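Below: one structure, written as structure tokens.
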């Protein structure tokens, strides 16, 4: 078992990228992330390692790299190191959806429908390629760069081939954003398959918490993962009191039945009609 880090970019990454300055961005949940300068521009270097609770985090960087190579023509690098895998991808700048909507939670502003549309477009574009993200949450939408929101952290995505050496079962994501069918599947069998309908639910939950500061289902902050998932499956939803046309749309996205939810493209159409 490795320590909790942070870990420096491995030698293989340094040899390929020949980086200049580097800055530690994140160190948690089995991942150390650095922003580094390279001749190709700024890159995010993710260094994965196992944690006490999860071994899959060691494989996540290489799994994400394999997915990104199917979705982009950008130069993606990856490799193995002593405690797991590492990967490097072009850096995405911007504020997270949650940070961008801080003024909504304080009551100083209403949610920006254009920004909501930008997030929906990013997710819908991934769905149109046949993929489900599997880990939709406010922190994974970055707003600020020209061209709309960036959807990041695709390590749990499903929809195409992944090398067996770097693949691992999907055991859900951050429970605050799990759809009932995902939570029920994890409770029942331990593993499930990411789905586009669950992504739409998660986007609704992400928009709701970013606009209000509240999880869409109530449970104690110290509740176990199992308790959280039981609340997602059976607990009542908080009222969606989000002003304007976004409120009814979020309620529709949070439908308990996957078949009753709009598709990502339909979410874009509804938001596009009012922006």
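Rounded, prolate or oblate for segment 1-80? Axes are the square roots of the Cα gyration tensor eigenvalues, ordered a ≥ b ≥ c, and the cut-off for rounded is a/c under 1.5. Walk me through the intermediate numbers first.
Details: a/c = 2.13, a/b = 1.31, b/c = 1.62.
Cα axes put segment 1-80 in the oblate bin.
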Revision key, fill the gap. Per its Cα gyration tensor (rounded if a/c is under 1.5, else prolate when a/b beats b/c, else oblate), the chain is best filed as prolate
Point to revise | Cα-based helix-to-principal-axis angle, 60-71 vs the chain, degrees rounded to 10 | key: 70 degrees
Exercise for review: Measure nothing but the geometry: give the 0 to 90° angle between the long axis through the Cα atoms of 225-234 and the longest principal axis through the Cα atoms of the chain, rounded to 10°.
Suggested key: 30 degrees
Study note, to complete from the structure: Over the chain, the sum of -39500 (n - 2.57) across DSSP H runs of at least four, divided by residue number and rounded to 500 deg cm²/dmol, gives at 222 nm -10000 deg cm²/dmol
Point to revise | Estimated D of segment 141-260 in µm² per second, where Rh is the Kirkwood radius over Cα pairs and Stokes-Einstein applies at 10 °C, 1.306 mPa s | key: 102 µm²/s
Practice item. Using only the Cα atoms of segment 173-221, build the gyration tensor, take square roots of its eigenvalues as a ≥ b ≥ c, and label the shape rounded, prolate or oblate: rounded if a/c is under 1.5, else prolate if a/b is larger than b/c, else oblate. Key: oblate
Check your understanding: Taking the Cα atoms only, what angle lies between the long axis of helix 196-212 and the longest principal axis of the chain, rounded to 10 degrees?
Key -> 80 degrees
Check your understanding: Can you sort 32, 191 so the residue with the fewest Cβ neighbours within 10 Å comes first?
Key -> 191, 32
Study note, to complete from the structure: Quick calc, residue 125 & residue 11: beta-carbon distance into FRET formula, R0 30 Å, rounding 0.05, result 0.25
**Study point:** Candidates 149, 259, 195: whichever shows maximal mean-square fluctuation once the chain is modelled as a Gaussian network with Cα springs under 10 Å
**Key:** 259
Check your understanding: Distance in nm between label sites at residue 263 and residue 4, each 7 Å beyond Cα in the beta-carbon direction?
Key -> 4.5 nm
Point to revise | Relative contact order, percent, the chain [alpha-carbon distance under 8 Å, six or more residues apart] | key: 15 percent
Review point. Gaussian network model of the chain, Cα springs within a sub-10 Å range: biggest mean-square fluctuation belongs to which of 92, 21, 69?
Key: 21
**Study point:** Estimated distance in nm for a label pair at residue 74 and residue 52, the labels positioned 7 Å out from Cα along Cα-to-Cβ
**Key:** 3.5 nm
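FYI, it's all coordinate maths here, none of it is from the lab. All values reported here derive from a predicted model rather than from experimental measurement. Note that each Cβ is placed from the backbone with ideal geometry, even for glycine, and that neighbours are counted across all protein chains shown.
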